[in-house]
1. Between E147 and K14, what is 0.36 nm times their sequence separation minus the Cα-Cα distance? Round to one decimal in nm.
2. Could you tell me which of the pairs K177/K353; K4/K133; K265/K386; K95/K140; K4/K65 are separated by over 29 angstrom between their Cα atoms in the structure shown?
3. Farthest toward the dipole's positive end in the chain, which of S77, N118, I145, given Cβ charges of +1 (Lys, Arg) and -1 (Asp, Glu) about the Cα centre?
4. Between Q364 and F93, what is 0.36 nm times their sequence separation minus the Cα-Cα distance? Round to one decimal in nm.
5. For region 12-130, place one equal point scatterer on every Cα, skip the solvent, and apply the Debye formula. What is log10 of I(q)/I(0) at q = 0.18, 0.20, 0.22 Å⁻¹?
6. Would you mind calculating the relative contact order of the chain from Cα pairs under 8 angstrom and at least 6 residues apart, reporting the percent as a whole number?
7. Which ³J(HN,Hα) values, rounded to whole Hz and listed in residue order, are derived for region 37-45 from phi using the Karplus coefficients 6.51, -1.76 and 1.60 in 6.51 cos²θ - 1.76 cosθ + 1.60 with θ = phi - 60°, glycine and proline given as x?
8. Restricting to the chain, compute how many DSSP beta bridges are antiparallel as a %, nearest 5.
Amino acid sequence: MVTKGLKLRIYPNKQQRQQLAQNFGCTRFVWNQMLAMLNERHENSPQASFLTAYALNHLLPLLKKEHPFLKEAESTSLQVTNQHLIEAFHAFFRKEKGHPKFKAKHAFKQSYTSKFVNGNIQPVGDHGIRLPKLGILRFKAGQRIPETIKQVTLSRTPTGKYFAVLTVEGENQAFPKTCQTIGCDLGVADLLVGSVEDLRWPTTRFDQGLAHKLRIWQRKLARRQQLAKKAITWDRHLKVPVPRTMDHFKNVARARLQVARIQEKIANQRADKLHKLTTQLVKAYDRIALENLKTKNLLRNHTLARAIANQAWGELRRLLTYKCAWYGKELVLVNPYKTSQLCSTCGHDDGKKALAIREWTCPQCGTHHDRDVNAAKNIERLALVKQTVCGLGTSPG
Ligand SMILES: [Zn+2]
């Protein structure tokens with residue numbers, strides 16, 4: 001059994017939208033209350049052991065008594081909020097993330113998660129799903145919901161779209177075995193160059209098409225925010241200056257929405273491309289080898305092109321990791337040391353090469369190399385050294 005996320009675009013009616021907004025607010029409220037409590041607790045007694053999500057759940061009835069509006073919220077979503085908060089703290093303790101922050105009212109993305117308990121989440125017909133507190137929600141046709149749903153995360157994007165991400169359990173749907181291995185060299189100009197049959201995926205420079213538009217709107221937004229900050233209105237009764245909040249300015253809100261819309265479009269286009277590429281790889285190859293790029297290196301962005309490539313590499317690896325697990329294939333991460341220097345034919349080390357050198361001829365065996373294809377071949381060879389091709393984790397034969 002494998003768990004998988006299934007994303008559905010949902011279309012809540014007016015009443016459901018109100019309920020969703022209320023629930024987003026409730027989980028945000030619980031997050032902030034619990035966070036404040038944990039911070040205070042730590043200040044007063046730094047030596048006390050850290051609380052568990054279970055302990056926080058025991059505080060929920062008290063909180064509900066004090067703030068009756070919380071009773072309107074879907075109850076498991078408040079427990080999940082506690083769980084997420086504790087997880088955020090553990091990530092902070094492991095130094096993987098910063099200290100958990102308070103959530104602002106106008107958070108960029110609003111969401112909450114409900115757990116499956118006693119059949120509270122059920123598919124209804126072909127286009128409906130029953131959710132706790134909300135009733136039946138319509139979703140886009142053409143997607144089948146599996147029977148076993150573990151939890152559902154409901155969200156509203158800044159552009160006002162609603163999504164439900166279902167965590168479902170299903171049988172492992174393996175793709176047929178092909179006994180093929182591929183090495184992949186990740187680059188800046190070409191996102192991916194394969195070790196076989198001229199497989200070359202150019203990097204799509206999303207910063208050049210839509211992103212030109214994005215930059216214009218981001219600049220507009222920044223300018224309008226600046227103006228809004230300076231502007232002051234006079235309270236007629238108290239005769240004192242009152243600084244206006246950003247939200248008083250409709251044009252700021254409009255620019256913000258425009259930026260969010262373009263960002264969403266770019267993100268969708270990028271995701272679409274990467275999904276196609278990774279599915280193609282997972283279908284055609286049993287073993288896919290990538291350079292094991294350290295996240296630290298990925299974060300060191302020198303140029304915009306590099307930054308874009310880095311983002312794509314990270315996402316590519318994430319998609320391949322779960323698709324390989326899901327479709328019964330193998331992802332091998334190899335040490336990229338010298339993969340661009342060694343001749344993939346004879347193993348001769350030709351030394352470091354400037355990035356501008358795209359082709360070279362091996363002085364030892366005379367093979368003419370494309371720099372990226374040669375690197376991809378070396379990566380493939382390193383992956384093969386690790387195990388036999390068709391063994392795939394089991395003993396060969
Ligand atoms: Zn050679």
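What follows draws every value from the coordinates through simple rules; no lab data is involved. Because the structure is a prediction, the values reported are computed rather than measured. All Cβ positions, even for glycine, are placed from backbone atoms using ideal geometry, and neighbour counts span all protein chains on display.
1. Working: separation 133, 0.36 × 133 = 47.88 nm, distance 2.79 nm.
This chain segment gains 45.1 nm when fully extended.
2. On the way: K177/K353 37 Å; K4/K133 24 Å; K265/K386 40 Å; K95/K140 40 Å; K4/K65 37 Å.
From K177/K353; K4/K133; K265/K386; K95/K140; K4/K65, over 29 Å: K177/K353; K265/K386; K95/K140; K4/K65.
3. Farthest towards the positive pole: S77.
4. On the way: separation 271, 0.36 × 271 = 97.56 nm, distance 5.26 nm.
Gain on extension, Q364 to F93, equals 92.3 nm.
5. -1.03, -1.21, -1.38
6. Numbers: 561 pairs, mean separation 63.1, N = 397.
Computed over the chain, the figure is 16 percent.
7. 5, 5, 4, 5, 4, 5, 5, 6, 9
8. Numbers: 45 of 54 bridges.
Percent antiparallel among DSSP bridges in the chain is about 85.
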